[in-house]
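Below: the structure, in structure tokens.
The values are calculated or read from the model by the stated rules, or taken from the named source; none is laboratory data. Because the structure is a prediction, the values reported are computed rather than measured. Virtual Cβ from ideal backbone geometry, glycine too; neighbours counted across all protein chains shown. Side chains included, ligands, DNA and RNA excluded: accessible areas come from the protein's heavy atoms. Shrake-Rupley method; radii C 1.70, N 1.55, O 1.52, S 1.80 Å.
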Amino acid sequence: MRYDFLVETYETERIKVLSVWSEFRDQDLPARPNVKDARGRSVHEQMVHQCVSENLWFLNMLG
């Protein structure tokens, strides 16, 4: 496959990201950086945003 190197490189990035996300407990997920400012994403919203964004990036990049 033409993009094998990208898949292999991204594998290590996934491991790093998952290791950070795994440090959060379920009760941490609704937390926002500033409780008085609803514009900031909660931990859960940021996690969803990251997953969707990375998925779309790969779909657009690799078809």
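In this structure, is Ser42 out of contact with any Gly (no Cβ under 7 Å at 6 or more places or on another chain) and loosely packed, with under 10 Cβ neighbours inside 10 Å?
It is false that Ser42 is out of contact with any Gly (no Cβ under 7 Å at 6 or more places or on another chain) and loosely packed, with under 10 Cβ neighbours inside 10 Å.
Restricting the search to the range 1-50, which residues are acidic (Asp, Glu), under 17 Å from the mean Cα position of the chain (by Cα) and assigned to a loop (DSSP other than H, G, I, E, B)?
Correct list: Glu23 only.
Determine the pairs where a residue that is over 14 Å from Glu45 (Cα atoms) and open to solvent by less than 100 Å² (accessible area, probe 1.4 Å), located within the range 13-28, has a partner that is modelled with pLDDT of 95 or more and part of a helix (DSSP H, G or I) with Cβ atoms under 7 Å apart, the partner being 6 or more residues away or on another chain.
none
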